[in-house]
Amino acid sequence: MSNPDVIVVGAGVIGLTTAIRLQEAGATVRIRTAELTADTTSAAATGMCGPVFQSPTATWEMATVAELRRIAGPETGVRLETGLGAVTAKVGGPPPLADESMLIRAAKPEELPAGYHDGMWMRVPLVDLPVYLDYLVTRFTGDGGKIEQRMVETLELDAELVVNCSGVGARKLAGDPSVRPVKGQHVVVENPGLDGFFLGITGRPENAGWHTYGKHVLLGGVRVEGDWDPAPSPEIAAGILRRCVEIEPRFADAKVMGHRAGLRPCRPSVRLEAEVRGSTKIVHNYGHDGSGVLQSWGCADEAAALLLG
Ligand SMILES: Cc1cc2nc3c(=O)[nH]c(=O)nc-3n(C[C@H](O)[C@H](O)[C@H](O)COP(=O)(O)OP(=O)(O)OC[C@H]3O[C@@H](n4cnc5c(N)ncnc54)[C@H](O)[C@@H]3O)c2cc1C
């Protein structure tokens, strides 16, 4: 097929990057989505893209990091940022990295907050999702892509080629009971004068982390299993603030500018495979849990190859 017609279900980061890769391969692409991009889980994410460890998903992640480094700039919302990742366990250094250039150095004990025993300074792409998603929408529609807002009840649609990028919606749409929501949330505060980021890993569902985006900072660090409510919760927000103030007291007086929440599409592993139903070829691309931004371009490359190959 020289100019195939494709419908991509979903306008989050996975749907948009997949749609763009299909367009670049010559397809005519329509996105069909229940929510507009600004209301998706993707819009609530931190957008930290690294470090990349040696793992089965490293190829996707390295492809994304390469694309993000290529397009970095104020107009895309992508920048390279330096920060500290710290763990409460004594681990004796990070597991093997797939991209050594991200590691700056091991943290000194005096650089770690109380209760943390190991850490590393790293430099990774940090994505300001609202700006970045606008950029992706413009890149897609500017090349002739259409976005239609409507709920989809079946993957057998009015195109012979379909990509399913429905995130947590895949539980119902693809009839996949292994998909479950893991809620995450951010408190958005005015930046009290910080640079970079801090990512604390405790091994518990409640962590503390903050990432700076110029005038504002996202405070976060929760994973609430099985919660289908996408609205920010005041109790979760209070816990995030308390934990972040323990690490960085300057957040105590920072003005709260807003709240963001989203449902991470959790699954034992990402589903990236083709299926044929009657005359429709469907590629599934969902289940990225807390790494959808990081894995997006690599998965988009593979999804496009599976669909058009
Ligand atoms: C607080 C938080 C912080 C995060 N931080 C990071 C991070 O630092 N780095 C990182 O890589 N990832 C992070 N993530 C994870 C990341 O946000 C997700 O992995 C990613 O957004 C998933 O993208 P998606 O496009 O699959 O899903 P979504 O963004 O949820 O998009 C799904 C799309 O499918 C549509 N849809 C669903 N069902 C239907 C249907 N039946 N009909 C029509 N449309 C449908 C929806 O309307 C939506 O447009 C974070 C997540 C949260 C919540």
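The values are calculated or read from the model by the stated rules, or taken from the named source; none is laboratory data. This is a predicted model, so every value here is computed, not measured. Cβ placement follows ideal geometry from the backbone for every residue including glycine, while neighbour counts extend to all protein chains displayed.
Annotations for the structure displayed:
- Residue check for residue 69: closer than 23 Å to residue 196 by Cα and among the basic types (Lys, Arg): yes
- Test result for residue 241, surrounded by fewer than 23 Cβ atoms within 10 Å (Cβ to Cβ), closer than 27 Å to residue 111 by Cα, within 15 Å of the ligand (Cβ to nearest atom) and of a type outside the set (Gly, Ala, Ser): yes
- Residue 309 fulfils the conditions (1) surrounded by fewer than 22 Cβ atoms within 10 Å (Cβ to Cβ); (2) at pLDDT 95 or above; (3) more than 13 Å from the ligand (Cβ to nearest atom) except for a single criterion, (2).
- Failed criterion for residue 193 (all others in (1) crowded, with 16+ Cβ neighbours inside 10 Å; (2) out of contact with any Leu (no Cβ under 8 Å at 6 or more places or on another chain); (3) outside any helix (DSSP H, G or I); (4) free of Cβ contacts under 8 Å to residues at least 60 places away in the same chain hold): (1)
- Residue pairs meeting the criteria (Cβ under 7 Å; at least 6 apart or on separate chains; first closer than 20 Å to residue 168 by Cβ, in the stretch 137-153; second hydroxyl-bearing (Ser, Thr, Tyr)): 147/33; 147/141; 149/33
- Count of the stretch 96-118 residues, restricted to those that are in a strand (DSSP E or B) and touching a Pro at 6+ places or on another chain (Cβ under 9 Å), is 4.
- When residues of the stretch 26-50 are limited to those that are in a helix (DSSP H, G or I) and near the ligand (Cβ under 8 Å from one of its atoms), the one nearest to residue 198 (Cα to Cα): 44
- Residue 77 being modelled with pLDDT of 95 or more and surrounded by 24 or more Cβ atoms within 10 Å (Cβ to Cβ): no
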